[in-house]
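J.: After the structure tokens below, expect a handful of questions from me.
The values are calculated or read from the model by the stated rules, or taken from the named source; none is laboratory data. Remember, it's a predicted structure, so these values are computed and weren't measured experimentally. For neighbour counting, all protein chains shown are included, and Cβ atoms are generated from backbone atoms with ideal geometry for every residue, glycine included. Just so you know, the surface numbers come from the protein's heavy atoms only, side chains and all, with ligands and any DNA or RNA stripped out. Shrake-Rupley method; radii C 1.70, N 1.55, O 1.52, S 1.80 Å.
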Amino acid sequence: RHIPDARLVIIGAGPEMESLVRRGVELHLQDHITFLGKVSKNTLLRSYRSAEVFVLPSIQKDGNTEALGVVLLEAMASGCPVIGSNVGGIPDIITDGENGFLVPEKDPIAIAERIILIMSDAEIREKFRINGYARIRDFFTWEKVSEQFLESYSQVISKPSGPGDSP
């Protein structure tokens, strides 16, 4: 209702796809939703670049959750503003209000409010594009991750052994 020309593109072929298609029909939204299913890496990257916002509504289920959210990293590296659930490793990527929005899990109202805000405010979109890309560049490139691994290994190796510890 707030953004009548909005389109939802769902990428992936998970176990919920059939119920999502049914729900879209029940709500008479099928003309506003596109289900792409599994796509090539090139199609995925084009989708990130053309999107006004990427949403990862992760939840905790049976003690499992999104460990890191690589798709968030890909979206941010492509210059796409992001929204993610405040679970698992997602808060390690998104700083709420700085480079994206964090929302409580299983809260569709909060997700909708943040989508509307991003799609209605070009300044916020641009801020999240710039800050999101900077976050990737500063913390998540292969070079940065390699440096962090080497630093961790060096600390473990240089730690003095105690009595009974193996060398």
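J.: Tabulate in residue order the Karplus-calculated ³J(HN,Hα) for region 58-68, using 6.51 cos²θ - 1.76 cosθ + 1.60 with θ = phi - 60°, rounded to whole Hz; enter x for Gly and Pro.
T.: Per residue, the Karplus-derived 3J(HN,Hα) values read 5, 9, 8, 9, 6, x, 9, 7, 5, 5, 10 Hz.
J.: If each DSSP helix of 4+ residues adds -39,500 (n - 2.57) and the sum is divided by the residues in the chain, what number results at 222 nm, nearest 500 deg cm²/dmol?
T.: One gets -14500 deg cm²/dmol as the mean residue ellipticity at 222 nm.
J.: Taking every pair of alpha-carbon atoms in region 1-45, give the share separated by more than 16 Å as a whole percent.
T.: 43 percent
J.: Within 10 Å, at most 16 other Cβ atoms, and a DSSP state outside H, G, I, E, B define an exposed site. Report the longest part of the chain free of exposed trypsin sites (Lys or Arg not before Pro).
T.: The longest uninterrupted stretch comes out as 39-105.
J.: Can you give me the accessible area per residue for the chain, using a 1.4 Å probe, in Å²?
T.: Averaged over the residues of the chain, the accessible area is 68 Å².
J.: Still on this structure, I have one more. Just going by the charge dipole of the chain, with Lys and Arg at +1 and Asp and Glu at -1 on Cβ, which of F35, G88, S158 is farthest out on the positive end?
T.: Looking along the dipole axis, the top candidate is F35.
J.: Please count, across the chain, the pairs of lysine residues with Cα atoms under 25 Å apart that sit 8 or more places apart or on different chains.
T.: 6
J.: Counting DSSP beta bridges with both partners in region 1-100, what percentage is antiparallel, nearest 5?
T.: Just about 10 percent of them are antiparallel.
J.: Candidates (1) -0.46, -1.35; (2) -0.45, -1.13; (3) -0.38, -1.16; which is the computed log10 I(q)/I(0) by the Debye sum over Cα atoms at q = 0.10, 0.19 Å⁻¹?
T.: Checking each listed value against the structure points to (1).
J.: Considering only protein heavy atoms and a probe of 1.4 Å, how much of the accessible area of region 1-99 is carbon and sulfur, as a whole percent?
T.: Here it works out to 53 percent.
J.: Right, another one. Just from the alpha-carbon atoms, what are the Rg and Dmax of region 51-130 in angstroms?
T.: Taking only Cα atoms of region 51-130, I get Rg and Dmax of 11.7, 39 Å.
J.: For the chain, set up a GNM with springs between Cα atoms under 10 Å and report which of G88, G79, G12 has the largest fluctuation.
T.: Top of the fluctuation ranking is G12.
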